[in-house]
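Data block below; observations after.
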Amino acid sequence: MNILLNSTKKIVTNRSSEWDRWWKWIWLIAFISGLAFRARHVDEIREAYLSLEVIHRPITALLVGLALLPYILKRPLILFRGIIGLLTIFGLWRLMSTFWSIEPLWTFYRSLEFLIMVALTAVTTWSLHNIIDLQKWMNQVWLWYGFLLISIWISAIMFPEKAFLPCPGIIPYLLVGVIPHMDANGVATFGAILGVVSFTRWLITGKRIWILPMIVAFITMIIAQGRSAIGGAALGILVVLVLLRRFNLLLIIISLVVIFTIFSDFDKIVQEYYMRGQDEVLFWAFSGRKFWWQFAWENYIKENLWLGYGAFAGSRFGVLIDLKRGTTSSLLSSWIETTVDIGILGTIFLAIILITIWFFCVKIALIGSLRESVLAIEFSGVLAILTIRSFFTIEIINHSSWAFLLITGGISWLTISYKGKNKSVLS
């Protein structure tokens, strides 16, 4: 694995790729569309879907859509190739739910926003010139996450009273993003993703340069106290170590944990940290999420199991209003949210997409070529985080799920574009 950098330097292209000419700039616009500057109450949204705080979203979505239009009109079937095709179908089903949505215009706009990002992922994927372009795409996404992480700490320095929210746990504060707005779980997720990416690249390349960003990212994750993100990071590290066959390092980590647990109060400290000042009832109710999900099941899902109440609308304009949670934007679970919005069939289809991505990630990591395997292992580590987080947030079904879209596109490219060179991957 240490020869990764040397092997990639030998690949030289004679012409500028489409990624360098176009798509890295289009993705920059797409990244901006995912920024939030204020949490809006549902009544504000109903009064005016657009406001100054969110005006950048339709503008950037329009710009991206216009940039994609010539490519889509010329080759519309690229939207249905590979795993991206499954995500396209999922997006179209969400768009179709406009016809039975409890808030049709909102469903139409948000579903179209999501489909534009899926289309951008598809067009980018099938315009990649080689695996180096895929690496550039990966690097740009991680750099964007790094930029947001830096912005979180700059905001913490400038507005400490807003960035550090009181918390009754072992660490008395939660770190949140101020400009742009980001809750503690989002901050922790960014830290987890960047930490696992840095950890993976450190193991693969042996370069110490990755140690500092890894430490900063994990410290950010810990201060933000996003428990599912921490669990996802732990799973991501485990997946990376297994796929890299670094069983010796895995054994050392497990041994250290056991030793600390036996000869210190490490387990009690971890338990107190994870409880975050909550009693056991609230902790095992996932900070109240369980009560929301039970309410959604009894009053919404059971009443309309197959079609739901409209993508992006059923949860926000139905369940959460009844729960008097007007400033909360989701039910904090990709699976419950999808079931409420577009029915059980949509949830099953989403599960098929995730399982398919996992299957090819692991398969390519194990039997692909060196360069393919390296990328697939990195994808797998991040996918572990997103999978855990999907049960506690809408991490994989939002239009700004950049990491998930990247992994979907990257694995689609590896399984189709390289099958001629690595037939064993698809056999």
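The values are calculated or read from the model by the stated rules, or taken from the named source; none is laboratory data. Given the structure is predicted, the values throughout are model-derived calculations rather than measurements. Glycine gets a Cβ as well: all are built from the backbone with ideal geometry, and neighbour counts include every protein chain shown.
Which condition does L366 not pass, out of (1) within 19 Å of G236 (Cβ to Cβ); (2) among the aliphatic types (A, V, I, L, M); (3) at pLDDT 95 or above, if it passes all the others? Status for L366: all satisfied but (3). Taking helices (runs of 4 or more DSSP H) as the structural unit, those lying wholly within the stretch 204-263 and holding at least 3 residues that are among the hydrophobic types (A, V, I, L, M, F, W, C), modelled with pLDDT of 95 or more and closer than 27 Å to S390 by Cα correspond to 211-224, 227-243.
H56 meets all of the listed conditions (1) surrounded by 20 or more Cβ atoms within 10 Å (Cβ to Cβ); (2) within 23 Å of the chain's Cα centre (by Cα) but one, namely (1). Sub-8 Å Cβ pairs linking a first residue in the stretch 240-253 that is on the phi < 0 side of the Ramachandran plot and touching a residue at least 40 places away in the same chain (Cβ under 8 Å) to a second residue that is aliphatic (A, V, I, L, M) and not in a helix (DSSP H, G or I), at least 6 apart or interchain, are L244/M1, ordered by first then second residue. With respect to S334, determine if the residue is of a type in the set (G, A, S) and at pLDDT below 95. Criteria not met by S334. If you go through the stretch 279-307 and keep only what is over 24 Å from the mean Cα position of the chain (by Cα) and touching a residue at least 60 places away in the same chain (Cβ under 8 Å), you end up with just L307.
Quick check: anything in the stretch 187-203 part of a helix (DSSP H, G or I), under 27 Å from the mean Cα position of the chain (by Cα) and modelled with pLDDT under 95?
no
Remark: pairs (first residue in the stretch 27-38, within 16 Å of Q140 (Cα to Cα) and part of a loop (DSSP other than H, G, I, E, B); second residue modelled with pLDDT of 90 or more and among the aromatic types (F, W, Y); Cβ separation under 8 Å; 6+ apart in sequence or on different chains) = G34/W402. Can you name every residue in the stretch 388-404 that is not β-branched (V, I, T) and not in a helix (DSSP H, G or I)? Hits for the stretch 388-404 are F391, F392, E395, N398, H399, S400, S401.
Within the stretch 294-323, the only residue that satisfies the criterion of being polar (S, T, N, Q) and closer than 18 Å to I397 by Cα is S315.
Take the residues in the stretch 108-135 that are of a type in the set (S, T, Y) and within 16 Å of W19 (Cα to Cα), then tell me which one is farthest from the chain's Cα centre (by Cα). Checked the stretch 108-135; the qualifying residue farthest from the chain's Cα centre (by Cα) is S127. Filtering the stretch 146-183 to residues that are acidic (D, E) and either assigned to a strand (DSSP E or B) or surrounded by fewer than 18 Cβ atoms within 10 Å (Cβ to Cβ) (or both) leaves only E161. Based on this model, can you work out whether I348 counts as without any contact (Cβ under 8 Å) to a residue 12 or more places away in the chain, among the aliphatic types (A, V, I, L, M), out of contact with any helix residue (DSSP H, G or I) (no Cβ under 6 Å at 6 or more places or on another chain) and over 26 Å from S287 (Cβ atoms)? So I348 passes the test. From I407, I377, I385, I344, grab the single residue that is at pLDDT 95 or above, within 30 Å of N304 (Cβ to Cβ) and part of a helix (DSSP H, G or I). None of the other options fit; the residue is I344. Residue check: is I355 in a helix (DSSP H, G or I) and at pLDDT 95 or above? The answer is yes for I355.
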